[in-house]
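S.K.: Pasting a structure here, questions to come.
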Amino acid sequence: AKAKSRGTISIFEPEMDQQIRDRRVLHQELSVAIKNGELSLYYQPQAAAGPSVAGSKIIGFEALARWHHPVRGFVPPGDFIPLAEESGLIVEMGEWILREACREAASWAVPMQVAVNLSPAQFTHGDLVGLVHSILLETGLTPDRLELEITEGVLIEDFDRGLSLLRRLKALGVRISMDDFGSGYSSLSYLQAFPFDKIKIDRAFVINLGRNPQSAAIVRAVIDLGHGLEMSIVAEGVETEAQLAFLAEEGCDAVQGYLIGRPAPIGQFAALVGGDHLA
Ligand code: C2E
Ligand code: CA
Ligand code: CA
Ligand code: CA
């Protein structure tokens, strides 16, 4: 049998063997990537939803990790984040990402928001609350400018622990957003049980706005639901003026996507954040 599930391989075939060796090499390379200065953060703008791009003011940025491998070149986060999660490297890497994003945001002359993605392993290993607290103190970023993005996956494993962590993080004054809402196993009970400040509607629904009426109905319902729970709503993957106009009309609070801006080094947004950034 060729039965193969995540992390378990029952039969070794030559090409699988090669794949395993490749992964091992990639793991090793990733483990020195931070020290070698190969990791960096790109920033993608988020704007208050207005009727057009011109009428949508930028209010903050999501920090997105990038790995510039000296030989392989650019490795996308969709490839190396899962690798870092499997190997446990994500804990150290996540700490670097959080510190770097907070340090960066604290240097802006314009006090915009910064959103940072957290992985499940960061919730289950080490003292996340203590880490966030000390990074805020160390960088001088005020807590209300930091938003932590998590997916349901983080909370599925241990409900009580997840709830306690979210409450303690919120007590620090940071905001929590539910990322990729509607993808995977999103459950309405999570929205009721956990104190999210924000819901990020998954790109999959936004892509289909205008293509199928079901997506429009779902997006509309999520906006109403979120507002009913006193959460604010961000739509991800907004690429067209028509999508933006629909979202603004339906009362969506904020938008993120190529229409507003692609992820880029912060220097590209120097005019927005001010400070000593060179374009
Ligand atoms: P995500 O958190 O859902 O991030 C949004 C992704 O959608 C980003 O991909 C972004 O470049 C992409 N995107 C934004 N606007 C558009 C659009 O209009 N159209 C399309 N087609 N795509 C758009 P990216 O940067 O490749 O990141 C992929 C995923 O990798 C992220 O998804 C997140 O799950 C993970 N990731 C990235 N950085 C970090 C990090 O620092 N820590 C952790 N734990 N995960 C990260
Ligand atoms: Ca995210
Ligand atoms: Ca997302
Ligand atoms: Ca995603």
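S.K.: Would you please name the residue that is modelled with the highest pLDDT, looking only at residues in region 130-154 that are under 22 Å from ILE81 (Cβ atoms) and surrounded by fewer than 18 Cβ atoms within 10 Å (Cβ to Cβ)?
M.R.: Out of the qualifying residues, it is LEU131.
S.K.: Within region 214-272, can you find the residues that are closer than 22 Å to MET112 by Cα and hydroxyl-bearing (Ser, Thr, Tyr)?
M.R.: Correct list: SER232, TYR258.
S.K.: Give, as residue ranges, the strands (runs of 3 or more DSSP E) completely inside region 65-172 that count at least 1 residues that are of a type in the set (Phe, Trp, Tyr) and touching a strand residue (DSSP E or B) at 6+ places or on another chain (Cβ under 7 Å).
M.R.: Where strands (runs of 3 or more DSSP E) fall fully within region 65-172 and carry at least 1 residues being of a type in the set (Phe, Trp, Tyr) and touching a strand residue (DSSP E or B) at 6+ places or on another chain (Cβ under 7 Å), they are 73-75.
S.K.: Could you list, in sequence order, all residues of region 174-194 that are away from ligand 4 (no atom under 16 Å from the Cβ) and buried (at least 17 other Cβ atoms within 10 Å of the Cβ)?
M.R.: Residues of region 174-194 away from ligand 4 (no atom under 16 Å from the Cβ): 174-176, 187-194.
Across region 174-194, the qualifying residues are VAL174, ARG175, ILE176, TYR190, LEU191, PHE194.
S.K.: Still on this structure: List pairs: first in region 262-279 and over 17 Å from GLN46 (Cβ atoms), second modelled with pLDDT under 90, Cβ under 9 Å, 6+ apart or cross-chain?
M.R.: Here the result reads GLY267/HIS277; GLY267/LEU278; GLY267/ALA279; ALA270/ASP276; ALA270/HIS277; ALA270/LEU278; ALA270/ALA279, each pair linking region 262-279 to a residue that is modelled with pLDDT under 90.
S.K.: Let me ask something additional. With the structure loaded, tell me whether ASP79 is within 11 Å of ligand 1 (Cβ to nearest atom) and either without any contact (Cβ under 8 Å) to a residue 24 or more places away in the chain or farther than 22 Å from TYR258 by Cα (or both) or whether it fails that test.
M.R.: For ASP79, the condition - within 11 Å of ligand 1 (Cβ to nearest atom) and either without any contact (Cβ under 8 Å) to a residue 24 or more places away in the chain or farther than 22 Å from TYR258 by Cα (or both) - is met.
The values are calculated or read from the model by the stated rules, or taken from the named source; none is laboratory data. A quick note: this is a predicted structure, and the numbers were derived from the prediction, not measured. Glycine also receives a Cβ, built like all others from the backbone with ideal geometry; neighbour counts cover every protein chain displayed.
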